[in-house]
Amino acid sequence: MAPAKSFRELKVYQAAREAAPRVFETTKTFPSEERYALTDQIRRSSRAVKALIAEAWARRRYKAAFVNKIDEALGEAYETQSWLDDALNDAYVSQQEFVELDNRYQAISGMLWRMIDRADDFCKHEPATDYRTLVREEEEYPITDH
């Protein structure tokens, strides 16, 4: 399998991108009094997972920065699961909806843990790299003004 060239090619990003709209759809039925509490919090955390994966991809030049962002994504995935617990406890979601969403975020968390454990496979260079001596690889940009 060829290495990913974009964060959008990562299975974990794709899984998070598929899960967030499911959370959004599920929260549409939450009571209006939860709008600025549970509803906003679970929507924010579910969307943050994929955003932090994208940010980690951009920071893979430095392993510590990459791991930090993946760790933040993991925290947001767990936070989403915690909000799902509240939604289940308050009977805003059925057991079936809960299990489906919780399983998705459990799988995402597992992928994020593996990314942390295998950070060297994702990061561009060794920790001792002198970036001043690197020759920049030519990248293709689909849109350019010059």
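Values quoted throughout were computed directly from the atomic coordinates according to the rules given, and no laboratory measurement underlies them. Bear in mind the structure is a predicted one, so any value in this text is a computation, not a measurement. When we count neighbours, we look across all protein chains shown, and the Cβ atoms used for this are built from the backbone with ideal geometry, even at glycine.
A few points about this structure:
For (1) of a type in the set (A, V, I, L, M, F, W, C); (2) surrounded by fewer than 19 Cβ atoms within 10 Å (Cβ to Cβ); (3) under 30 Å from K124 (Cβ atoms), each residue gets a yes or a no:
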residue: K5; (1), (2), (3): no, yes, yes
residue: V12; (1), (2), (3): yes, no, yes
residue: P21; (1), (2), (3): no, yes, no
residue: E25; (1), (2), (3): no, yes, no
residue: E34; (1), (2), (3): no, yes, no
residue: N103; (1), (2), (3): no, yes, no
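- Restricting the first member to segment 6-35 and to residues that are over 11 Å from I53 (Cβ atoms), and the second to residues that are surrounded by fewer than 20 Cβ atoms within 10 Å (Cβ to Cβ) and hydrophobic (A, V, I, L, M, F, W, C), the beta-carbon pairs closer than 7 Å and six or more apart or on different chains are F30/L38.
- Count of residues meeting criterion [of a type in the set (G, A, S) and touching a residue at least 60 places away in the same chain (Cβ under 8 Å)] in segment 88-107: 1
- Scanning segment 7-31 for residues that are under 18 Å from S94 (Cα atoms) and part of a helix (DSSP H, G or I) turns up A19, A20, P21, R22, V23, F24, E25, T26, T27.
- Scan segment 74-102 for residues that are of a type in the set (D, E, K, R) and either under 15 Å from the mean Cα position of the chain (by Cα) or over 17 Å from F30 (Cβ atoms) (or both) and the total you get is 3.
- Residues in segment 29-45 that are closer than 18 Å to F98 by Cα and among the hydroxyl-bearing types (S, T, Y): T29, T39, S45.
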